[in-house]
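*Asks:* Okay, here's the structure, questions in a sec.
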Amino acid sequence: MVTESSLTAGQLSAFLLYAAYVTISLSGLSSCYSEMMKGLGASTRLWQLIDKRPDIPISGGSVIPAGQFEGSIRFRDLSFAYPTRSDAPIFNNLNLDVPAGSVTAIVGSSGSGKSTLAALLLRFYDPISGQVLVDGYPVTDLDPQWLRANIGTVSQEPSLFSCSIRENILYGANTPDSISEEQIIQAAKEANAWSFIQQCPQGLDTIVGERGVLLSGGQRQRIAIARAIVKNPRILLLDEATSALDSESESLVQEALERVMKDRTVLTIAHRLSTIRKASQIAVLERGQVVELGAYEALMSIPNGVFKKLVERQTVGLLA
Ligand SMILES: Nc1ncnc2c1ncn2[C@@H]1O[C@H](COP(=O)(O)OP(=O)(O)OP(=O)(O)O)[C@@H](O)[C@H]1O
C-alpha cells in the first residue's frame, strides 16, 4: 500500500505503533482479569470463613449469681471422643462428683484423658453424651465467657507474654482496671514471687521476654499463681508439669499453690505425690472411666489397685 501510495510511511508507522499499544493493553487486560478472578475466589473463601459459626458459642447463656456460686462440679455419664478421632473414645459413661471447696486429684497413665476432662469443664468441647454440671447447671447452658472467667488455670508451664510482670499478673483478671497496685503486690507476695520481682531491674515493670524466657521455670510458675490469685476464681484447675524444679524452687511453688488452693474447688491433674496425698479424693482414670475413687490411704490399701500400681511404678513422685 505504501508502494501504491495509498498509505504513507508515516501512517504505516503510526498504525504499527498503535497496533503494538493495543496488543500490550489487551494482554494487560487479560492478566488483570485473571488477578480479578483470583481475588474473587479468595474473597469467597474469606466470606465463608467469616460466616462460619463455631459449634460452641463464644458468649451468651446464663450466669450463676455471684452470691449463689459455690463451685461444685459433676461429670455425669460422660462419653466423649475428639471430633477428629471419633473412632477413639476417650470417655465412656464417666461419672465423677467434685464437691465445692474440695481438692480432687485426677491421676491415670499418659493418654488416659486427664487434660481432656479439664477441656470439657472449660467447654472447649461438648461431650457426645452426658453432661458437665457446675453447681447443678449444665455448662452448655452457661455463658462460656462467664464460665472461663470463673475457672482459674494454673499450669506449671504457664503462658507468659512478652510484656511486663505487672501485665502478665493482670492478664485474665475480669476487671484489670479495678485492681490496685497494693492488690498486685499482695498477690505477688502470696505467690512467693514478690522477693524476686523486687530484685528485677524495673520491679513489676520488668519485661519478661518472649514466653517469659528471662525468668526461671519456678519464677514463671509463681507469676502464674499470682495471676490466679488476682483473678480470684471459685474453681481452680491445676495442671502440674512433670518437669522437675530444684528443691528450693519446688517448695516455694508448692507453698504458694497451697495458698491459692485454699477455700476453692480444686481439680488437679496430678503428678506429684505431695498434692495427691493431701487431696480430699483421688480419681483414677482408666479405659475412659473413673475406676477408683477415694483418699490416698484408702486407694493404697486396695490389693492390686490401679492407683497402688501407679504409685509403685513411679515411686520418685511422678504419677504420669
Ligand atoms: N485435640 C485433640 N485431638 C485429637 N486427639 C486428642 C487431642 N488431644 C488429646 N488427644 C488424645 O486424647 C487422648 C487423651 O489425651 P489427654 O491429653 O487428655 O491425656 P492425659 O491423661 O492428660 O495425658 P498426659 O498425662 O500424657 O498429659 C490421647 O490419646 C491423646 O492423643
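*Asks:* With the condition kept exactly as written, say whether any residue in the range 248-271 is over 24 Å from ALA66 (Cα atoms), at pLDDT 85 or above and not small (Gly, Ala, Ser).
*Replies:* There is at least one residue in the range 248-271 that is over 24 Å from ALA66 (Cα atoms), at pLDDT 85 or above and not small (Gly, Ala, Ser).
*Asks:* Under 9 Å between Cβ atoms, which residue pairs at least 6 apart in sequence (or on different chains) link something in the range 106-117 that is among the polar types (S, T, N, Q) with a partner that is near the ligand (Cβ under 6 Å from one of its atoms)?
*Replies:* Partner pairs satisfying both residue conditions: SER109/ALA320; SER110/ALA320; SER112/ILE90; SER112/ALA320; THR116/TYR82; THR116/ILE90.
*Asks:* Still on this structure, please answer the following. Spot the failing condition for ALA298; the list is (1) under 17 Å from ILE73 (Cβ atoms); (2) open to solvent by 30 Å² or more (accessible area, probe 1.4 Å); (3) of a type in the set (A, V, I, L, M), and only one is missed.
*Replies:* Condition not satisfied by ALA298: (1).
*Asks:* What are the residues in the range 170-202 that are in contact (Cβ under 8 Å) with a residue 40 or more places away in the chain and surrounded by fewer than 15 Cβ atoms within 10 Å (Cβ to Cβ), if any?
*Replies:* ASN174
*Asks:* I would also like to ask the following. When you scan the range 65-90, how many residues do you find that are open to solvent by 80 Å² or more (accessible area, probe 1.4 Å) and assigned to a strand (DSSP E or B)?
*Replies:* 2
*Asks:* So for the range 35-54 (the condition being modelled with pLDDT under 90, out of contact with any Lys or Arg (no Cβ under 6 Å at 6 or more places or on another chain) and within 16 Å of the ligand (Cβ to nearest atom)), does at least one residue qualify?
*Replies:* The answer is yes; a qualifying residue exists.
*Asks:* May I pose another question? Quick one: how many residues across the range 57-90 are within 16 Å of the ligand (Cβ to nearest atom), touching a strand residue (DSSP E or B) at 6+ places or on another chain (Cβ under 7 Å) and of a type in the set (Ser, Thr, Tyr)? Spell out how you get there, then give the answer.
*Replies:* First, the residues of the range 57-90 that are within 16 Å of the ligand (Cβ to nearest atom): 75, 78-90.
From what's left, touching a strand residue (DSSP E or B) at 6+ places or on another chain (Cβ under 7 Å): 75, 78-80, 89-90.
Narrowing the set further to residues that are of a type in the set (Ser, Thr, Tyr) leaves 79.
Final tally of qualifying residues: 1.
The values are calculated or read from the model by the stated rules, or taken from the named source; none is laboratory data. The structure displayed is predicted, hence computed values, not measured ones. When we count neighbours, we look across all protein chains shown, and the Cβ atoms used for this are built from the backbone with ideal geometry, even at glycine. The area values use the complete protein model at the heavy-atom level, side chains included, leaving out ligands, DNA and RNA. Shrake-Rupley method; radii C 1.70, N 1.55, O 1.52, S 1.80 Å.
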